[in-house]
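To keep things clear, I will list the structure first and then write my remarks on it.
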Ligand code: UT7
C-alpha cells in the first residue's frame, strides 16, 4: 500500500518594517486615545512600511529568503509560491509573480489568493493539497499585507487597528503523521457589506468621484464584524478539535488571527486553553491581515517542538474564516 504524502512545514520566515506607529502617534492624527485602543483591541503599536516605492512584495522577499536560508535551499528549488494578500503591489501581475522575479525563483509558478484575514489559512490549505498530490516538492505559502496603503488615517474606526507585515512557510512532503492534518474553511459573501473596499475594482473603477469620496480605503462596521468573528473563529476551532478527538490538554498552541485581543480570548476560552498556550503579538504589530498567523509562527518558532498540536484560526473580510490543525514537524536548533 502506498503511504499517504503529508504536507509538512519545514521552515518559517517573517518580516516587519522598522517604522512604528504608536497609539500616541494616532492620538495626534484622529480623536482617539491610548487607553481606548488598548482596552478595546489590545494594540499598542503597529509597523508601517514607509519607504517610497516599496510594496507588499518587498516585505515578502526577505521573509522567503529567510526561510530558504534556514532550510538551506536556493530560490530556484521552489516549485510554487502563493501569496495571501488584499494589498497586492498591483491588480496584475500577481504579487507572487513579482516576488519570484525578485528572489530568482525561476522554476516556480505562483499566484495571489484573496481571502483577507483568512488569506494565509486558505493559501496553506491549497499549498498542502499541491504537496499531497505528489506533484510538487517545495511550495512556499505567504501571508502579507501593506494595510497602510488602504487605511484611511482620518477614520478612527479603522486606522487604529491595522499594520504592515509579511510571513511565509515552506511546505515539503513528509510521510510521518506530521504536518497539515485537517482543516475547516468557510466563506460567506453575504458578509461583504460589513468589511470591504468600495472602489478600485470592476464594480467601481477609480474615478475623481471615488477618490473624493475616500472610497479606496478599507471600510468596516466593527461591531457587526466583531460578533461574527467571535462566533466564527470559535465555532470552527471547536469543530476541528471535536472531529479529531482533541481536547484543550492535547493542544500545545493556538495561533489566532490577531484582530482583537477580545476575539482571541473568546476563542481560547471556547477551546479550553489558558493564555500561556496562545500566541499573541497584537500589542506590537496590530492586525496585519494575512500576515498575522505566519508572523506568530515566525516569532514562536524556537519554542515549537516536533509533534506539537497547533491550531491556526482566523476570521476576516468576505466573510472568510477557518481553522487548520498542524502537527509541528521539527525542533529548532537554538
Ligand atoms: O481582521 C478582520 C476582521 N476584523 C475584526 O475582527 C474587527 C472586529 N471589530 C473590532 O475589533 C471592534 O469592533 C473595534 C475595535 C473595531 C471597535 O471596538 P468596539 O468596542 O466594537 O467599538 P464600537 O465601534 O462599538 O464603538 C464604541 C464607541 C463609539 O462611541 P459611542 O457611540 O459609544 O459614543 C465609537 O464612536 O467608541 C467610539 N470609537 C472610538 N473612540 C475612541 C470608535 N473608534 C474609536 C477610537 N477611539 N479609535
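Just a few scattered comments:
- Of all residues in region 1-23, those that are closer than 25 Å to residue 265 by Cβ and surrounded by fewer than 19 Cβ atoms within 10 Å (Cβ to Cβ) total 2.
- Test result for residue 71, without any contact (Cβ under 8 Å) to a residue 60 or more places away in the chain and surrounded by fewer than 18 Cβ atoms within 10 Å (Cβ to Cβ): no
- Considered as a group, the residues in region 209-223 that are surrounded by fewer than 15 Cβ atoms within 10 Å (Cβ to Cβ) and more than 21 Å from the chain's Cα centre (by Cα) include one that is nearest to residue 155 (Cα to Cα), and that residue is 214.
- One residue from 192, 206 being outside any helix (DSSP H, G or I) and surrounded by fewer than 15 Cβ atoms within 10 Å (Cβ to Cβ): 206
- Close pairs from region 151-164: first within 14 Å of residue 222 (Cα to Cα) and at pLDDT below 95, partner part of a helix (DSSP H, G or I) and more than 12 Å from the ligand (Cβ to nearest atom), Cβ under 7 Å, at least 6 apart: none
- Out of 327, 303, sole residue that is surrounded by fewer than 24 Cβ atoms within 10 Å (Cβ to Cβ), without any contact (Cβ under 8 Å) to a residue 60 or more places away in the chain, more than 10 Å from the ligand (Cβ to nearest atom) and closer than 25 Å to residue 11 by Cβ: 303
- A residue that is in a helix (DSSP H, G or I), free of Cβ contacts under 8 Å to residues at least 12 places away in the same chain and farther than 30 Å from residue 177 by Cβ can be found somewhere in region 3-24.
- Search result, residues across region 212-226 that are touching a helix residue (DSSP H, G or I) at 6+ places or on another chain (Cβ under 9 Å), touching a residue at least 60 places away in the same chain (Cβ under 8 Å) and more than 8 Å from the ligand (Cβ to nearest atom): 216, 217, 218, 219
- Set side by side, the residues 259, 290, 199, 229 differ, and just one is part of a loop (DSSP other than H, G, I, E, B), within 14 Å of the ligand (Cβ to nearest atom) and at pLDDT 95 or above, which is 259.
- Checked against the criterion of being over 23 Å from residue 60 (Cα atoms), within 16 Å of the ligand (Cβ to nearest atom) and touching a strand residue (DSSP E or B) at 6+ places or on another chain (Cβ under 9 Å), region 130-152 contains one or more residues that satisfy it.
For (1) within 30 Å of residue 102 (Cβ to Cβ); (2) touching a helix residue (DSSP H, G or I) at 6+ places or on another chain (Cβ under 8 Å); (3) buried (at least 17 other Cβ atoms within 10 Å of the Cβ), each residue gets a yes or a no:
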{"site": "29", "(1), (2), (3)": "no, yes, no"}
{"site": "54", "(1), (2), (3)": "yes, no, no"}
{"site": "62", "(1), (2), (3)": "yes, no, no"}
{"site": "67", "(1), (2), (3)": "yes, no, yes"}
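- Residue 84 passes every criterion in (1) under 22 Å from residue 135 (Cβ atoms); (2) away from the ligand (no atom under 16 Å from the Cβ) apart from (2).
- Within region 25-43, being in a loop (DSSP other than H, G, I, E, B) and either near the ligand (Cβ under 10 Å from one of its atoms) or without any contact (Cβ under 8 Å) to a residue 12 or more places away in the chain (or both) holds for 28, 30, 31, 32, 33, 42, 43.
The values are calculated or read from the model by the stated rules, or taken from the named source; none is laboratory data. All values reported here derive from a predicted model rather than from experimental measurement. Cβ atoms come from the backbone with ideal geometry, glycine included; neighbour counts cover every protein chain shown.
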